[in-house]
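Peer 1: One structure, as C-alpha cells, below. Some questions next.
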Amino acid sequence: MSVVETVREVVRAAQTICKRIVRKGDRKILSLRGQYNNTLSPTLNAQVIQQTGRGDLPMVRIETHWSETEIYLLGACVTHFQRHGEPPLLFLSEKSRFENGSPIRGGIPVIFPWFGKPVDKSGQHGFVRARPWEFVEAKAQPDGIVTALFRLPPCPELPSIAVEYVVAIGETLTVELIVTNKSSSNFAFENCLHTYFTVGDINAVSVVGLKGVDYLDSLDGASRKTEAGDAIRFTGEVDRIYINTPQAAEIRDGALHRGIRVEKENSLSTVVWNPWIAKSRAMADFGDEEYQRMVCVESGNVRDNSVALAPGQSARLKVKLSSTSLK
Ligand code: TA6
C-alpha cells in the first residue's frame, strides 16, 4: 500500500470522530473521541470547553492527549499552553487585566494592524488585541491535533479586511493570523504575534538564532545595530526589533532546562523584549518581579518589513512553538 493510500486509509478510519456536546452550568463541552479502526484511539480524545474565564470573559479551553490550552475571545489571546508533565510554555501576568477594551498581559497578544505607537495612530500595538473575537469552530484532525478558528468581527477601521486566526494544538502549539484584503486597493499594515514565554530565571536564559542580524534598538532611538553575539543574554531591559530575518529562534532556559523553538512562516521580523526592573514597576498590569520569569520573542512583519497586501490577496503569519528538554 503506498504512502498516499495509507494516509487515505488512516483518514478514512479516523473519520469516525464522535462529537458529543454537554452543557454543565456555563460550560459547553464538546468531546471529540476518535475511533481508529473501530477501537477508541487515545490520541484522538480531546475536549473543547467553552466557559467563562477571568473577568467573566468567554474563554475556550482545549484538552488534547498531550496538552492543555486556554484561549480568550478577547483579542483571540492564547493565554495558556502546557504539555502534560512540563511547566507552562506561555507566561501570563498575575496582574493582567481581563476586560474588553484592554489587552491581556501575557500569552500571545495579536498585534495588528500596526506595531508600536506610530505618530498618526491612537494606541499602542493596534486594536485587535483589545477587541472581542468570535469563536467559529473547533475540529479534530485524524492525528489528534485540534484546530480552533477565531474571526475578528467586522469593524469600521477595517471595512474590507477579513481577519482570521487559527490555533492548532497537539504536542506543539501553532498559531496563524490570516489577513485578506477584500478591498479594491492595496492595504498596508504591520503584524506581530507578541509571545510571552515562561522561563525559570531570566538570568539563566539566552536567545539564539539572531547572530549577524540587523536590529532597531528601541531603547536607543531605534538606532540600527547588528547582533554580534552568538546568543542574547539579559542583564537589563532589552527591546529590539530584528529585521529581515525569516529564520527560527530558540530560547535556552538554564533554570528549567528547557529549549523553546520559535519557528515561523511569512515573518521577516523578530522582536526580543524583557522590561527588566524599572519598566516592570511602571506597568500597572505587570508584577514588579515578574520580569525574572518571562521573555518575549515575537514573530511578525514590522518597520522595514511591513506588508503591502494587494486586493484579493491574503497574508498568512504562522508561528509554531515547540519545546525540548535540555537535561
Ligand atoms: O514588543 C516590545 C514592545 O514593543 C515594548 O516596547 C513594550 O512596550 C512591549 O511591546 C509591551 O507593549 P504594551 O503596549 O503591551 O505595554
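Peer 1: Let me confirm something: among Ser102, Ser93, which residue is surrounded by fewer than 21 Cβ atoms within 10 Å (Cβ to Cβ), within 16 Å of the ligand (Cβ to nearest atom) and either more than 30 Å from Ala255 (Cβ to Cβ) or not polar (S, T, N, Q) (or both)? Before the answer, list the steps.
Peer 2: Details: Ser93 fails: either more than 30 Å from Ala255 (Cβ to Cβ) or not polar (S, T, N, Q) (or both).
After applying the criteria, what remains is Ser102.
Peer 1: Quick check on Ile169: is it over 18 Å from Phe115 (Cβ atoms), crowded, with 17+ Cβ neighbours inside 10 Å and in contact (Cβ under 8 Å) with a residue 12 or more places away in the chain? Break it down into steps so the answer makes sense when it comes.
Peer 2: Values: over 18 Å from Phe115 (Cβ atoms): yes; crowded, with 17+ Cβ neighbours inside 10 Å: yes; in contact (Cβ under 8 Å) with a residue 12 or more places away in the chain: yes.
Against the criterion (over 18 Å from Phe115 (Cβ atoms), crowded, with 17+ Cβ neighbours inside 10 Å and in contact (Cβ under 8 Å) with a residue 12 or more places away in the chain), Ile169 qualifies.
Peer 1: With the requirement that a residue be more than 16 Å from the ligand (Cβ to nearest atom), farther than 21 Å from His80 by Cβ and of a type in the set (Val, Ile, Thr), what does region 180-212 give you?
Peer 2: Once the filter is applied, which keeps residues that are more than 16 Å from the ligand (Cβ to nearest atom), farther than 21 Å from His80 by Cβ and of a type in the set (Val, Ile, Thr), region 180-212 yields Thr180, Val208.
Peer 1: In addition: Being within 16 Å of the ligand (Cβ to nearest atom), of a type in the set (Gly, Ala, Ser) and under 15 Å from Val179 (Cα atoms) narrows it down to one of Ala162, Ala76, so name that one.
Peer 2: Numbers: Ala162 fails: within 16 Å of the ligand (Cβ to nearest atom).
After applying the criteria, what remains is Ala76.
Peer 1: Given the residues Phe135, Phe127, which is the only one that is under 17 Å from the mean Cα position of the chain (by Cα), within 30 Å of His65 (Cβ to Cβ) and of a type in the set (Phe, Trp, Tyr)? Break it down into steps so the answer makes sense when it comes.
Peer 2: Details: Phe127 fails: within 30 Å of His65 (Cβ to Cβ).
Just a single option satisfies the conditions, and that option is Phe135.
Peer 1: If you don't mind, another one. Of all residues in region 231-247, which are part of a loop (DSSP other than H, G, I, E, B) and crowded, with 18+ Cβ neighbours inside 10 Å? Walk me through it before giving the result.
Peer 2: From region 231-247, those part of a loop (DSSP other than H, G, I, E, B) are 234-237, 243-247; that's our starting set.
Those that are part of a loop (DSSP other than H, G, I, E, B) and crowded, with 18+ Cβ neighbours inside 10 Å: Phe234, Ile243, Thr245.
Peer 1: Does Thr69 qualify as being in contact with a His (Cβ under 8 Å, 6 or more places away or on another chain), β-branched (Val, Ile, Thr) and part of a strand (DSSP E or B)?
Peer 2: Numbers: in contact with a His (Cβ under 8 Å, 6 or more places away or on another chain): yes; β-branched (Val, Ile, Thr): yes; part of a strand (DSSP E or B): yes.
In short, yes.
Peer 1: While we're looking at this one, here's another question. Taking the conditions exactly as written (aliphatic (A, V, I, L, M), more than 13 Å from the ligand (Cβ to nearest atom), under 30 Å from Ser184 (Cβ atoms) and not in a helix (DSSP H, G or I)), does Ala308 satisfy them or not?
Peer 2: On the way: aliphatic (A, V, I, L, M): yes; more than 13 Å from the ligand (Cβ to nearest atom): yes; under 30 Å from Ser184 (Cβ atoms): yes; not in a helix (DSSP H, G or I): yes.
Against the criterion (aliphatic (A, V, I, L, M), more than 13 Å from the ligand (Cβ to nearest atom), under 30 Å from Ser184 (Cβ atoms) and not in a helix (DSSP H, G or I)), Ala308 qualifies.
Peer 1: Exactly one of these conditions fails for Asp285: (1) more than 20 Å from Ile108 (Cα to Cα); (2) in a loop (DSSP other than H, G, I, E, B); (3) in contact with a Ser or Thr (Cβ under 9 Å, 6 or more places away or on another chain); (4) charged (D, E, K, R). Give me its number.
Peer 2: (1)
Peer 1: Mind checking which residues of region 213-230 are within 14 Å of the ligand (Cβ to nearest atom), crowded, with 16+ Cβ neighbours inside 10 Å and farther than 20 Å from Met283 by Cα? Even if it seems obvious, please write down each step before you answer.
Peer 2: So the first thing to find is which residues in region 213-230 are within 14 Å of the ligand (Cβ to nearest atom), and the list is 215-222.
In the following step, the residues that additionally are crowded, with 16+ Cβ neighbours inside 10 Å were identified as 215-216, 218.
Tyr215, Leu216 - these are the residues of region 213-230 that are within 14 Å of the ligand (Cβ to nearest atom), crowded, with 16+ Cβ neighbours inside 10 Å and farther than 20 Å from Met283 by Cα.
Peer 1: Does Val272 satisfy the condition of being within 11 Å of the ligand (Cβ to nearest atom), among the hydrophobic types (A, V, I, L, M, F, W, C) and surrounded by 17 or more Cβ atoms within 10 Å (Cβ to Cβ)?
Peer 2: Spelling it out, Val272 is indeed within 11 Å of the ligand (Cβ to nearest atom), among the hydrophobic types (A, V, I, L, M, F, W, C) and surrounded by 17 or more Cβ atoms within 10 Å (Cβ to Cβ).
Here is a yes/no grid of residues against (1) among the hydroxyl-bearing types (Ser, Thr, Tyr); (2) within 14 Å of the ligand (Cβ to nearest atom); (3) in contact with a helix residue (DSSP H, G or I) (Cβ under 8 Å, 6 or more places away or on another chain); (4) under 20 Å from Asp217 (Cα atoms):
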{"site": "Arg252", "(1), (2), (3), (4)": "no, no, no, no"}
{"site": "Arg258", "(1), (2), (3), (4)": "no, no, no, no"}
{"site": "Ala278", "(1), (2), (3), (4)": "no, yes, no, yes"}
{"site": "Arg281", "(1), (2), (3), (4)": "no, yes, no, no"}
{"site": "Val295", "(1), (2), (3), (4)": "no, yes, yes, yes"}
{"site": "Gly300", "(1), (2), (3), (4)": "no, yes, no, yes"}
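Peer 1: Which residues, taken from region 140-159, are in contact with a strand residue (DSSP E or B) (Cβ under 7 Å, 6 or more places away or on another chain) and free of Cβ contacts under 8 Å to residues at least 40 places away in the same chain?
Peer 2: Across region 140-159, the qualifying residues are Gln141, Thr147, Leu149, Arg151, Pro153.
Peer 1: Being of a type in the set (Val, Ile, Thr) and in contact (Cβ under 8 Å) with a residue 60 or more places away in the chain narrows it down to one of Val179, Val163, Val128, so name that one. Can you show your working first?
Peer 2: On the way: Val163 fails: in contact (Cβ under 8 Å) with a residue 60 or more places away in the chain; Val128 fails: in contact (Cβ under 8 Å) with a residue 60 or more places away in the chain.
Answer to the selection: Val179.
Peer 1: Scan region 196-210 and give yes if some residue there is in contact with a Gly (Cβ under 8 Å, 6 or more places away or on another chain), assigned to a loop (DSSP other than H, G, I, E, B) and surrounded by 20 or more Cβ atoms within 10 Å (Cβ to Cβ), otherwise no.
Peer 2: No, there is no match, as no residue in region 196-210 is in contact with a Gly (Cβ under 8 Å, 6 or more places away or on another chain), assigned to a loop (DSSP other than H, G, I, E, B) and surrounded by 20 or more Cβ atoms within 10 Å (Cβ to Cβ).
Peer 1: Please enumerate the residues belonging to region 105-134 that are surrounded by fewer than 19 Cβ atoms within 10 Å (Cβ to Cβ) and touching a strand residue (DSSP E or B) at 6+ places or on another chain (Cβ under 8 Å). Write out each step before concluding.
Peer 2: Going residue by residue through region 105-134, those that are surrounded by fewer than 19 Cβ atoms within 10 Å (Cβ to Cβ) are 116-124, 132, 134.
Correct list: Pro132, Glu134.
Rule-based calculations on the coordinates, nothing more; no lab input. Because the structure is a prediction, the values reported are computed rather than measured. Neighbour counts run over all protein chains shown; Cβ positions are idealised from the backbone, glycine included.
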